[in-house]
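Novice: The structure under discussion is supplied below as structure tokens; questions concerning it will follow.
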Amino acid sequence: MASLVPCPHCGLRPKEEFTIKGAALPRPSPDAGADAWLDHVYLRDNPRGALDEFWHHTSGCRRWLIVSRDTFSHEISACRDAADPAKERS
Amino acid sequence: MPEFQISRRPALSDKQPVTGPGIEISTPPPGAILHALAQPGDAGARGFIESALMSDIFSIRPVSPGQWFSVADDPLSHADFRNLCEALEPRVDLVDQSHGRTRIIVQGPQVEAMLAKGTAIDLHIDQFTVGSAASTLIGHVSAHLTRTGEHCFEILVLRSFAENMWDDLVRMSREFN
Ligand SMILES: [Zn+2]
């Protein structure tokens, strides 16, 4: 687990200040059907390598962030505000 | 007739200030603490708030994108609070936190070393200059930290955590006094 998170608003902060929600995945369309929604809500890959996750800076700015980290090396490659419209999810 | 009278008092009214060569801990008399909230992308919001809240009375501390605390040493009447709201709405909303949060002042030549036991923020004066502010963890409690002088910090903490924070700070200060 990454221990220092570069919050775009607060700077480098310890992971204890954050709450992790889970993988940041593209949301299916409302009429995508039960199978696609079951997959989206309940089924998760467990990738070895790059992963985008929702992290909430609970004891800091209280913004939702998208942290891009490597589940094997623990390195964080990017961290941005989840409401930031400028960049698309990779 | 109620058997128990509820009385209004500051959260830390029964605490004795800590004085010593390394660290002093005190709590100022209850003043006014206002939480100002704007749209996160509103670049001019801070200047707009500062123009409405007289800068000789209120000092403004950033909290997070679009959010600030404004702190004054004297209490604010409800009428004055309503007037401020009317001057700021609808661009900025104000929430009166005067009774919701408690101010604690920690100062002294060892204050950075003491706070470093509780927070991961780099408090070196080159990194965290006078006037800098941050929401962070101090121990296990969320708090808002502002550097108000070279060796002086103000901690804003939710009222229900004030006594816990005070007791933690007293324990953290012992080795320096
Ligand atoms: Zn943050």
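The values are calculated or read from the model by the stated rules, or taken from the named source; none is laboratory data. For clarity, every value in this text was computed on a predicted model and none was experimentally measured. Backbone-built Cβ (ideal geometry, glycine too); neighbour counts: all protein chains shown. Each accessible area value is taken on the protein alone, full model and side chains, heavy atoms only, with ligands, DNA and RNA left out. Shrake-Rupley method; radii C 1.70, N 1.55, O 1.52, S 1.80 Å.
Novice: Suppose every K and R has +1 on its Cβ and every D and E has -1 on its Cβ; what is the size of the dipole of the protein assembly as shown about the Cα centre, in Debye to the nearest 20?
Specialist: Dipole size: approximately 280 debye.
Novice: Give or take rounding to whole Å, what are the principal axis extents of the alpha carbon atoms in segment B:1-63, in descending order?
Specialist: 50, 48, 22
Novice: Under a point spin-label approximation (7 Å from Cα along Cα-to-Cβ), what is the B:GLN16-A:ILE76 distance to one decimal in nm?
Specialist: Rounded to a tenth, the inter-label distance reads 4.3 nm.
Novice: Let me check I've understood the local charge: for B:SER51, count other residues with C-beta under 15 angstrom from its C-beta, Lys and Arg +1, Asp and Glu -1. What total comes out?
Specialist: -3
Novice: Given a Förster radius of 22 Å and the C-beta distance between B:ALA43 and B:GLU89 as r, what FRET efficiency does 1/(1 + (r/R0)^6) yield to the nearest 0.05?
Specialist: The pair B:ALA43/B:GLU89 has a calculated efficiency of 0.70.
Novice: Relative to the Cα centre, what is the charge dipole magnitude of segment B:32-96, using +1 at the beta carbon of each Lys and Arg, -1 at the beta carbon of each Asp and Glu, and rounding to the nearest 20 debye?
Specialist: Charge dipole of segment B:32-96: 220 debye, to the nearest 20.
Novice: On to the next question. Can you send over the carbon and sulfur percentage of the accessible area for chain A, probe radius 1.4 Å, protein chains only? Working shown, then result.
Specialist: Working: 3070 of 5780 Å².
Roughly 53 percent, rounded to a whole number.
Novice: While we're looking at this one, here's another question. Write down the accessible area per residue of chain B in Å², having rolled a 1.4 Å probe over the full set of protein chains.
Specialist: 53 Å²
Novice: Something else about it: Determine the sum of side-chain charges near B:LEU115: Lys and Arg each +1, Asp and Glu each -1, restricted to other residues whose C-beta is under 12 angstrom from that of B:LEU115.
Specialist: Surrounding charge for B:LEU115 is -2.
Novice: Could you report the accessible area of B:TRP68 in Å², rounded to 10, computed with a 1.4 Å probe on the protein chains as they sit in the structure?
Specialist: 30 Å²
Novice: About the Cα centre of chain B, how large is the charge dipole given +1 on each Lys and Arg Cβ and -1 on each Asp and Glu Cβ? Please answer in debye to the nearest 20.
Specialist: Magnitude of the dipole: close to 280 debye.
Novice: Hey, if you put +1 on the Cβ of every Lys and Arg and -1 on every Asp and Glu Cβ in chain B, which of B:PRO62, B:GLY44, B:SER160 ends up farthest toward the positive end of that dipole?
Specialist: B:SER160
Novice: If you build the convex hull over the alpha carbons only and average its shadow over all orientations, what do you get for chain B? Give it in nm² to one decimal.
Specialist: Computed as one quarter of the Cα hull surface, the answer is 12.2 nm².
Novice: Give me the percent relative contact order of segment B:32-96, please, defined on Cα pairs under 8 angstrom at least 6 residues apart.
Specialist: Relative contact order for segment B:32-96 comes out at 50 percent.
Novice: How much accessible area is lost when chains A and B come together, counting both sides, with a 1.4 Å probe, in Å² rounded to the nearest 100?
Specialist: Between A and B, the summed buried area is about 700 Å².
Novice: How large is the helix-only mean residue ellipticity at 222 nm for the protein assembly as shown, computed as the sum of -39500 (n - 2.57) over DSSP H runs with n ≥ 4, divided by its residue count, in deg cm²/dmol to the nearest 500?
Specialist: When only DSSP H runs of four or more count, the value is -5000 deg cm²/dmol.
Novice: Quick one: compute the contact order of chain B, relative version, from alpha carbon pairs under 8 angstrom and 6+ residues apart, as a percent.
Specialist: Relative contact order here is 26 percent.
Novice: I've got another one for you. Calculate, for A:TRP64 and B:GLU50, the FRET efficiency according to 1/(1 + (r/R0)^6) with r their C-beta to C-beta distance and R0 30 Å; round to the nearest 0.05.
Specialist: 0.60
Novice: Still on this structure, I have one more. How much net charge surrounds B:ASP93 when only other residues with a Cβ under 15 Å from its Cβ are counted (Lys, Arg +1; Asp, Glu -1)?
Specialist: That sum, taken over residues with Cβ under 15 Å, equals -1.
Novice: Put +1 on the Cβ of every Lys and Arg and -1 on every Asp and Glu Cβ in chain A; which of A:ALA24, A:CYS61, A:HIS74 then has its Cα farthest towards the positive end of the dipole?
Specialist: Result: A:CYS61.
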